[in-house]
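Presented below is the structure to which this report refers.
Read-outs: derived from the displayed coordinates by stated rules, not from any lab. Quantities reported herein were computed from a predicted structural model and do not represent experimental measurements. In this analysis, Cβ positions are derived from the backbone assuming ideal geometry, glycine residues included, and neighbour counts consider all displayed protein chains.
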Amino acid sequence: MNSPGFTDSKSKIISCIKKFRSAGSVILPNAKPDLAEKIEYPSLNEEELLSGFIEELKALEVDSYVEYSPENVRERLRSLIHGKSILSWEPQSLPYDLGTILEKENVIYGRDEITVQTKAEIGLTGCDAAIAETGSLVLVQKKGQPKTASLLPFVHVAVVKKSEIYFSMGEFFVKDGKEAAGSPCVNIITGPSRTADIEQTLTIGVHGPGKVIVVIGP
């Protein structure tokens with residue numbers, strides 16, 4: 001049986017809902033006249049965006065590597081994944097011709113059985129956008145880019161192009177958000193998966209990777 005306090009609150013809520021439904025519309029207060037009609041984002045160059053992005057990654061305890069040629073990106077990636085089972089985006093969806101270093105590795109793809117995908121040690125993805133303000137990675141689900149690659153393995157390695165770094169999520173959506181808007185799923189990853197129980201005990205890697213590594217190329 002509900003307590004009197006709960007019943008009274010519930011009745012008030014239902015009464016308010018009925019009132020606004022019968023009115024047919026809700027009148028919202030006018031916006032404050034001093035609000036800007038358009039959000040202005042900081043005008044930062046690539047190096048400034050890169051520096052801010054790396055600082056946020058450090059705060060999130062994400063390992064990052066900055067490489068200055070496609071060859072160095074491939075070499076770095078080879079050192080990170082060699083000898084491991086890898087759940088990867090399709091080669092054509094990866095930047096810097098990374099498919100060439102996967103040929104001799106134990107690679108699993110999104111088209112494989114899900115039970116096989118769950119056995120991967122490392123998830124390998126590219127990135128549709130990186131957010132300097134928060135250290136976030138934006139991954140748009142589409143053909144060749146399965147979301148399982150960034151969710152199932154304990155370690156997620158993401159390869160980012162310097163040109164894909166935006167100041168904020170809002171700037172990304174304004175400038176390049178059409179593909180994300182048409183996708184069935186967009187993963188926004190901000191550091192390793194973290195969750196806490198009722199006693200505030202922090203646990204890493206329950207709902208996603210416990211370790212995130214970012215390789216940034218030219």
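Apply 1/(1 + (r/R0)^6) to the Cβ-Cβ distance of residue 90 and residue 61, taking R0 = 25 Å, and write down the FRET efficiency to the nearest 0.05. According to the calculation, E is roughly 0.30. The residues packed around residue 104, meaning those with a beta-carbon under 13 Å from its beta-carbon, carry a net charge of +1 if Lys and Arg are +1 and Asp and Glu are -1. For an R0 of 25 angstrom, estimate the FRET efficiency from the Cβ-Cβ distance between residue 79 and residue 119 and round to the nearest 0.05. After rounding to 0.05, the efficiency reads 0.70.
Taking 0.36 nm per residue of separation and subtracting the Cα-Cα distance, full extension of the segment from residue 100 to residue 68 would add 9.7 nm.
Mind checking the full-extension length gain between residue 17 and residue 183? Use 0.36 nm per residue of separation minus the Cα-Cα distance, one decimal, nm.
Numbers: separation 166, 0.36 × 166 = 59.76 nm, distance 3.34 nm.
Answer, rounded to one decimal: 56.4 nm.
Remark: the Cα gyration tensor places segment 46-217 in the rounded category, a/c being less than 1.5.
GluC sites (Glu not before Pro) within segment 58-123: which are DSSP loop residues with at most 15 other Cβ atoms inside 10 Å? Please list the in-between numbers first.
Values: sites: 61, 67, 71, 75, 103, 105, 113, 121; in loops: 61, 67, 103, 105, 113, 121.
Within segment 58-123, the qualifying GluC sites (Glu not before Pro) (loop, at most 15 other Cβ atoms within 10 Å) are 61, 103, 113, 121.
Of the cross-linked pairs 84/175; 104/147; 58/104; 12/178, those separated by over 30 Å at the C-alpha level are 84/175; 58/104; 12/178.
Comparing 100, 80, 69 along the charge dipole axis of segment 46-217, the residue lying farthest to the positive side is 100, per the Cβ-charge model.
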